[in-house]
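None of the figures in this text is laboratory data; all of them are computed from the coordinates on show. Please read these numbers as outputs of a predicted model, since none were measured by experiment. Glycine gets a Cβ as well: all are built from the backbone with ideal geometry, and neighbour counts include every protein chain shown.
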Amino acid sequence: MTEKDFIPVAYTNDKATGVVSYKAPSNIALVKYWGKKDHQIPANPSISFTLDHCATTTEVAYSKLEQAAGDFSFDLFFEGKSKEDFKPKIKTFLNRIEGYLPFLKSYHFIIRTSNSFPHSSGIASSASGMSALALCLMDLERELNPGMTDEYFNKKASFLARLGSGSACRSIEGDIIQWGNHKETQGSSDLYGIKYPYEVHEVFKDFQDTILLVDKGQKQVSSSVGHNLMHDHPFASRRFAQAHENLFKLQSVFEEGNLTEFIKIVESEALTLHAMMMTSMPYFILMKPNTLEIINKIWSFREASNTHICFTLDAGANVHVLYPAKEKDLVIQFIKDELVAYCENGQYICDKIGYGARKL
Ligand code: 2P0
């Protein structure tokens, strides 16, 4: 599909007012998206586990205006309170998607949104937030065009979410989502995320992700600054090639349930992401001393316990601890005994692989 396939022809129905609400999950990348081209096109393909517990719930109430306005008309409430400082990001999003949802200036929208995870926990809400909003707007488009298939609905929701925040396109469906052209993955696209199309071993079906909140402060590097660091980066082209290679290697890993190889790829991807930030100009260290303490503890415990615990990182200091469900009791005990001490206020979030957004 191309961008043109997401421009609607003519709507068959009319809809004056309505309310819709979606709960959309966050996701954790295994092969990381870091670097992008114009129009939210990723510099390399990525793959993620959709999460279950960490999510954004968004309600959109819409009412048709007497006549289309010159600008977008919306009110925004975050956790019950009017939130003026989030509005510019939403406005940029609406501007980017207007060509694909031509009704946007014909309605007034009241957007109410909240997260399941604590605000300023260092967990990015842009993926779940943009996904939930894109789904609500798609629901209105489906009212105007009821013939739409579920497949088109999900693809276009992912396409629109991507224009809000790249990683958001991986937060529509579950349980494993791939985004970005990859010649060895059939159906992959730079424009939207797809459900991973090949066989996946049982062991990955209920994978766990415990998120250790090491540093809940404001992100030191915004994602747009971060992605820009990959322009003129001395190692960029090698890194982008590596992401393609890792995605290909993951295909047999997923099929065979090869946890040893899974761990190597996932941990290497996390450290590579941070290495890219340490070797860019300007350079950043986003890990904290406690991030490294936790990584070392995980390595020692893995060796001593013969479990398959591993870690991954986002563009910050928090650690995502990944492990198969059958090792849960052992790993949770280890986290309580040895890792909680490195978390800010002892905080962590138990999450697991999830199966995508749902309408409420
Ligand atoms: C990822 N991250 O693949 C990578 C790994 C963070 C580290 O995608 O500018 O918020 O909105 O397209 O999606 C964070 O970047 O960036 C991200 P934008 P986004 O999950």
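A few comments on the model shown:
- When the chain is treated as a Gaussian network with alpha carbon springs shorter than 10 Å, the biggest mean-square fluctuation among S63, S114, S188 belongs to S63.
- On Cα atoms only, tilt of 126-144 relative to the major axis of the chain in degrees: 30
- The chain: relative contact order in percent, alpha carbon pairs under 8 Å with at least 6 residues between: 24
- The HN-Hα couplings worked out from phi for the stretch 314-325 by the Karplus form 6.51 cos²θ - 1.76 cosθ + 1.60 (θ = phi - 60°) are 9, 7, x, 8, 5, 10, 8, 9, 10, 6, x, 4 Hz, whole numbers, x standing for Gly and Pro.
- Fewest-first ranking of D337, D75, using other Cβ atoms within 10 Å as the exposure measure: D337, D75
- Normalising the Debye intensity of the stretch 210-352 to I(0), with uniform scatterers on Cα atoms only, and taking log10 at q = 0.20 Å⁻¹ returns -1.26.
- The packing ranking, built from the mean of other Cβ atoms within 10 Å per residue, places the peptides 229-239, 10-20, 250-260 in the order 250-260, 229-239, 10-20, highest first.
- Positive end of the dipole of the chain (Cβ unit charges, origin at the Cα centre): among N154, I110, I285, the Cα lying farthest that way belongs to I110.
- Alpha carbon centroid spacing (whole Å) that separates the stretch 258-337 from the stretch 186-250: 14
- When the chain is treated as a Gaussian network with alpha carbon springs shorter than 10 Å, the biggest mean-square fluctuation among A61, A24, A317 belongs to A61.
- Links that overshoot a 18 Å alpha carbon limit, given the list K4/K155; K183/K264; K37/K249: K183/K264; K37/K249
- Relative contact order for the stretch 178-249: 20 percent, from Cα pairs under 8 Å spaced at least 6 residues apart, divided by residue count.
- Phi to ³J(HN,Hα) by Karplus 6.51 cos²θ - 1.76 cosθ + 1.60 over the stretch 219-225, Hz, x for Gly, Pro: 4, 6, 10, 5, 5, 5, 4
- Remark: the chain projects, on average over all directions, an area of 17.8 nm² (convex hull of Cα atoms).
- Helix axis angle, 150-164 relative to the chain longest principal axis, alpha carbon, degrees: 80
- 3J(HN,Hα) along the stretch 334-340, derived from phi through the Karplus expression 6.51 cos²θ - 1.76 cosθ + 1.60 where θ = phi - 60°, amounts to 4, 4, 5, 6, 10, 9, 4 Hz, with x in place of Gly and Pro.
- Max mean-square fluctuation residue, GNM over the chain, Cα-Cα springs under 10 Å, options F49, F207, F72: F72
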